[in-house]
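S.K.: This is the structure I want to talk about, given as structure tokens.
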Amino acid sequence: MNFLSQYIYYIGAFGLFFIGLYIMLTKKNLIKVIIGLDILDTGVFLFLIAIGYTSGGTAPIFSKSVTETGKMVDPVPQALVLTGIVIGVSVLALALALAIRLYGHYGTLNLRKIKEQRW
Amino acid sequence: MRRIIAIALLAIIVMGISLAVREIPFGKTDTKVGEYYLNEGREETGAANIVTSVVVNYRGFDTLGEIAVLFTAAIGLGAVFGSRKKRKVAEEVEKSSLIVYTGCRFLFPVILLVGAYIFIYGHLTPGGGFQGGAVVASAFLLMYLTCRGKRVRDKSNKVVESLGGLIFVGMGLVGLVIGKGFLFNFLPKGEFLTLFSAGIIPIIYIAIGFKVGAELAGVLDNLIEESK
Amino acid sequence: MVNPVLLIVVPLALAFAVPLFGLISKKIVKFLPVVALLFNLIVSVMLLPKVMEQPIHVFIGGFSPPFCINLVAGPIGILFSVLIALVGLLVSVYALGYIKEGAIEKYHILYLLLITGATGVVLTGDIFNLFVFFEILCISSYSLVAYLGNKAGIESAVKYLLQGALGSSLILLGIGLLYAKYGTLNMADLAGNIHSIKSFSNFLPLVLLVTGLGVEAAIFPLNAWLPDAHSSAPSSISAILSGIAIEVGLYAVVRVVFTIFGASSFLVFLLFLGVLTLLIGEMSAFSQNNIKRMFAYSSIGQIGLILFALSIATPDGVSAGFFQLISHTLAKALLFLAVGYMIYRTGSMDISSLEGMGKKMPYTSLAFTIGVLSLVGMPPFIGFPSKLMIIRAALLKQETLFTVLVVLVLIATVIEGAYFFRVIQAIYFRGEKSEKKREGAPLSALIPLFIFVGLIVVIGVYPKLVTNFLDSTASELLNRLDYIKGVIG
């Protein structure tokens, strides 16, 4: 039980990571593969956020009532995740655009059937 | 067969990662860099939101790269679609019902306002340029879904995109010329916890907000138009 | 003194400004990359002699490292920057006349961003910043591969994107693990904390980073995307991808392995991987009938050779590796550019369709031949001294292992010579005798081609021009402590 409470976020993060990786490795449909990529990314972001957590910590934002740094979480992973999410969105948008064009050319999104170039 | 290989591969990676993660305790952080930002960030950047001070000031160069990534994707999207022969089909656009139409027209400025609030107050409250920009773009998505047939004006979109990026770079270059380096926070820090504080941070975040909003709206525009 | 940060910022600012210029006049847009790269070339060449003595450290935002992002304009960074600017400039001149269809404005924006990304990767001193610039490089490459929008282009771009994006996620995970353990992202600070890779929590980030970066560097077995992507992109982009993008990926791998982790025990593995990549690349190239695919596989082989040379990890080996990198960049960019107009004329990428090119396009064929000879390693071209240096460096180790590997490298060179000979034969000695009208490439293509030829010959005759700089690059890569001290102080 102690183990679970200690590592639950890591388990969740890597769980998502592996689900995404599994989808990417086994699915045939390009849209599903892209979804897998997104799930995998989400896992990585959750991991990044989890490593910055301090037990009982608050958001690293000062206000009139919060002036002490004592119980604040690490701000750096949050900044990294912000960057990571933007990059993830960019790749996702481009991937979907390519999927639309690929469908226009082949009439299918099944990656096993699209073999003009050798895989 | 493929699945078995995939599962075997995953099992190996699980083993590896769990061995490595065991050494990283959860809920305890004593990272050198993070501590420094928490303790000194207020003084050095004047922003109440430390994440913002990290994103825009300490690691501002990353953010410049980040908006470049988004810009790359938006332009790349245009390039991927740009080579296609444009079909000119006069489409029959089914009008949405009056209630939806009116409701969305009413909501549109409100969403824009929320987006603008999020990026203008990015240095004081949770939020910032990217989040605000995404909210602004969602207003345009709403318009696409309800007022079909309306499109983002291509030219003004481009101008906003360009100017947003150029203002960011320009602020950085001014810092390089008159200050201690690229992206140096050369403006006065102002009074802590007020809107006009934190030097160049709000200016950069407003530029980012406009840029991200315009870019995401452009991406949505491209995807919706081309997938018809 | 010019601040090295301008090398990154100026192309980026121009990329942002392209849409504004496009509103004024469509015609000036295509000259913007030329302007940006000319600026970069002049600045990098000016900085080169300075950084050979003392690396320039730039602290972004005026904070002190490790709390800010820093740039390390050392010998390697500026040497790469010169190379990127030089090749980029010549390719952008070539593109003035070559890129006529599609969204031209967007092509030039993406091109500028690609250059920005590549320059950023080689100059930055922060691991996360490296990741960000790496992504700019990758995403602009994905879009440029799909630029023509034909079946092959889109399909290869999809493949490239899926593999590249998976690699990027692995890099991010590796960075996360490093941050979790050491609480810093500065490469020098990380290097100062990492003493060995025996601990598994150090070894795993190393593997993740090398795997993720290795996708872009096309190290076997992560290079399935490369032949398709390089062969279906527009030829000017193939030249940049083969000449710049994979080399920058390799730089990132080497920087991670040597500087951050100081992983000397990992190098044996890279040594074998390099030779394996070399052999597989050259053998696959041998059986190709598509000329651009052949070059793409040859690029894989050359990357293997460079990796092999760098992993020898002696001053000689590292200098030889960088020399080979320069020689490959010049020769391969030349080849793709030359073959671009040949394909444009014939409309086919088959080697058989190049028959009789020696008469139809004599100047282009001459440049092409010189590129091929240099790549194979014939004197008096640049490929000869660089390959010689690699073999000498490997033999100087005086170990049986290295002798065996050198034999394998020589076998690969023979294979390389054999398939390139087939192309040369097709160009000059086959094809119908009937004299078709000569129709060469335009001047905007011939000028860059012959500048490349000039560089290849001049450096081939006077290798000292380059080797003088290479010693300090080797010492930057091998002396980890100097690098750490330079940044952290």
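Every number in this text was worked out from the coordinates using simple rules, so none of it is lab data. Predicted model, so just to flag it, every value in this text is computed and none were measured. Cβ: placed from backbone, ideal geometry, glycine included. Neighbour counts: every protein chain shown.
S.K.: Hey, what does the equivalent ellipsoid look like for segment C:5-488, semi-axes from the Cα gyration tensor as sqrt of 5 times each eigenvalue, largest first, whole Å?
M.R.: Details: eigenvalues 232, 140, 82 Å².
Result for segment C:5-488: semi-axes of 34, 26, 20 Å.
S.K.: Something else now. Can you figure out the FRET efficiency of B:Ser227 with A:Ile11, using R₀ = 45 Å and their beta-carbon distance, to the nearest 0.05?
M.R.: Once the sixth-power term is evaluated, E becomes 0.75.
S.K.: Can you run the Rg to Rh ratio on segment B:34-226? Use alpha carbon positions and the Kirkwood inverse-distance Rh. Before the final figure, lay out each step's value.
M.R.: On the way: Rg = 19.0 Å, Rh = 18.0 Å.
Using Cα coordinates only, the ratio equals 1.06.
S.K.: Further, regarding this structure: Please list the non-local residues whose amide H lies under 5 Å from the amide H of A:Met72, H modeled 1.01 Å from N, same-chain partners needing a gap of 5 or more.
M.R.: Sorted by chain and number, the residues that satisfy this are A:Thr58.
S.K.: 7 Å from Cα along Cα→Cβ at both B:Arg3 and C:Phe200: what's the point-to-point distance in nm?
M.R.: 2.8 nm
S.K.: Going by amide H atoms built from the backbone, whose H comes under 5 Å of the H on B:Asn49, apart from near neighbours?
M.R.: A:Phe62, B:Leu124
S.K.: What base-10 log of the normalised intensity I(q)/I(0) is obtained for segment B:1-71 from the Debye formula, alpha carbons as equal point scatterers, at q = 0.14, 0.29 Å⁻¹?
M.R.: Debye intensities relative to I(0), on a log10 scale: -0.72, -1.16.
S.K.: Between C:Ser352 and C:Ala418, what's the calculated FRET efficiency when r is the beta-carbon distance and R0 is 22 Å? Round to 0.05. All intermediate terms of the calculation are to be shown ahead of the outcome.
M.R.: On the way: r = 17 Å, r/R0 = 0.78.
Between C:Ser352 and C:Ala418 the formula returns 0.80.
S.K.: Any idea how far the Cα center of segment A:25-87 sits from the one of segment C:283-340, in Å?
M.R.: Each part reduced to its Cα centre gives a spacing of 39 Å.
S.K.: Right, next: Place the peptides B:131-141, C:76-86 in order of packing, highest mean first, counting for every residue the other Cβ atoms within 10 Å and averaging per peptide.
M.R.: Working: B:131-141: 21.8, C:76-86: 25.5.
The most tightly packed comes first, giving C:76-86, B:131-141.
S.K.: In this model, which of A:Lys32/C:Lys100; A:Lys32/C:Lys159; C:Lys159/C:Lys198 are farther than 24 Å apart at the alpha-carbon?
M.R.: Numbers: A:Lys32/C:Lys100 36 Å; A:Lys32/C:Lys159 14 Å; C:Lys159/C:Lys198 35 Å.
Pairs exceeding the cut-off: A:Lys32/C:Lys100; C:Lys159/C:Lys198.
S.K.: Count neighbours as other Cβ atoms within 10 Å of each site's Cβ, and list the trypsin sites (Lys or Arg not before Pro) in segment C:14-80 that are DSSP loop with at most 10 such neighbours. Can you show the working numbers first?
M.R.: On the way: sites: C:Lys26, C:Lys27, C:Lys30, C:Lys50; in loops: C:Lys26, C:Lys27.
Answer in residue order: C:Lys27.
S.K.: Could you tell me what fraction of 2.2 N^0.38 Å the Cα radius of gyration of chain A comes to, as a two-decimal ratio?
M.R.: Working: Rg = 19.5 Å, N = 119, 2.2 N^0.38 = 13.5 Å.
Compared with the compact-globule rule of thumb, chain A sits at 1.44.
S.K.: Then there is this: Quick one: Cα centre-to-centre distance for segment B:125-171 and segment C:161-199, in angstrom?
M.R.: The distance from the Cα centre of segment B:125-171 to that of segment C:161-199 comes to 33 Å.
S.K.: Moving to a separate point now. List the DSSP H helices in chain A whose Cα atoms stretch 27 Å or more along the helix axis and whose mean Kyte-Doolittle hydropathy is at least 1.6. Don't skip to the answer; put the middle values down first.
M.R.: On the way: long enough: A:2-26 (34 Å, 1.33); A:30-51 (32 Å, 2.25); A:75-106 (46 Å, 1.57).
What comes out of the filter, once short or polar helices are dropped, is A:30-51.
S.K.: With N denoting the number of residues in segment C:68-209, provide Rg(C-alpha) divided by 2.2 N^0.38 Å, to two decimal places. Let's see the in-between values first.
M.R.: Working: Rg = 17.8 Å, N = 142, 2.2 N^0.38 = 14.5 Å.
Taking N as the residue count of segment C:68-209, the ratio is 1.23.
S.K.: For B:Phe184, which sequence-distant residues (separation of 5 or more, or a different chain) have an amide H within less than 5 Å of its own amide H, given hydrogens modelled in the peptide plane?
M.R.: Amide H neighbours of B:Phe184: B:Gly175, B:Leu176, C:Gly61.
S.K.: I want to check the label-to-label distance for C:Tyr344 and C:Leu443. Put each point 7 Å from Cα in the C-beta direction and report it in nm to one decimal.
M.R.: 1.5 nm
S.K.: Right, something else. Could you tell me the extents of segment C:226-379's C-alpha atoms along the three principal axes, largest first, rounded to whole Å?
M.R.: 52, 30, 24
S.K.: Using only Cα atoms, what is the ratio of the radius of gyration of segment C:13-79 to 2.2 N^0.38 Å?
M.R.: Details: Rg = 16.2 Å, N = 67, 2.2 N^0.38 = 10.9 Å.
Cα Rg divided by the expected 2.2 N^0.38 Å: 1.49.
S.K.: Whole number please: convex hull volume per residue of the Cα set in the protein assembly as shown, in Å³?
M.R.: Cα convex hull per residue, to the nearest whole number: 168 Å³.
S.K.: Which one of B:Ile201, B:Leu187, B:Ser156 is farthest out on the positive end of the charge dipole of segment B:34-226, using unit charges on Cβ (Lys, Arg +1; Asp, Glu -1) and the Cα centre as origin?
M.R.: Positive-end residue among those listed: B:Ser156.
S.K.: Next up: Taking the Cα centre as origin and putting +1 on Lys and Arg beta-carbons and -1 on Asp and Glu beta-carbons, what dipole magnitude results for the protein assembly as shown, to the nearest 20 debye? Before the final figure, lay out the partial values.
M.R.: On the way: 63 positive and 45 negative charges, 489 e Å.
Using only the charged Cβ atoms, the result is roughly 2340 debye.
S.K.: Calculate the FRET efficiency for A:Leu4 and C:Gln54 from the Cβ-Cβ distance with a Förster distance of 51 Å, rounded to the nearest 0.05. Present the calculation step by step, with values, prior to reporting the outcome.
M.R.: Values: r = 54 Å, r/R0 = 1.06.
The computed FRET efficiency comes out at 0.40.
S.K.: Which one, C:Thr346, C:Phe323, C:Phe420, projects farthest toward the positive side of the charge dipole computed for segment C:5-488 from Cβ point charges (K/R +1, D/E -1)?
M.R.: C:Thr346
S.K.: Per-residue Cβ counts within 10 Å, from other chains only, averaged over B:124-134: what number is that?
M.R.: Details: counts 3, 3, 2, 1, 2, 1, 5, 2, 0, 1, 3.
That average works out to 2.
S.K.: Okay, moving on. Decide, for segment C:404-489, between rounded, prolate and oblate: order the square roots of the alpha carbon gyration tensor eigenvalues as a ≥ b ≥ c, take rounded if a/c falls under 1.5, and otherwise choose prolate if a/b is larger than b/c, else oblate. List each step's numbers first, then the result.
M.R.: Working: a/c = 3.71, a/b = 1.86, b/c = 1.99.
The shape class here is oblate.
S.K.: DSSP loop GluC sites (Glu not before Pro) in segment C:394-489 with at most 14 other Cβ atoms within 10 Å of their Cβ, which ones?
M.R.: Working: sites: C:Glu399, C:Glu416, C:Glu432, C:Glu435, C:Glu439, C:Glu476; in loops: C:Glu399, C:Glu432, C:Glu435, C:Glu439.
Here the GluC sites (Glu not before Pro) that fit, given the DSSP loop and packing criteria, are C:Glu399, C:Glu432, C:Glu435, C:Glu439.
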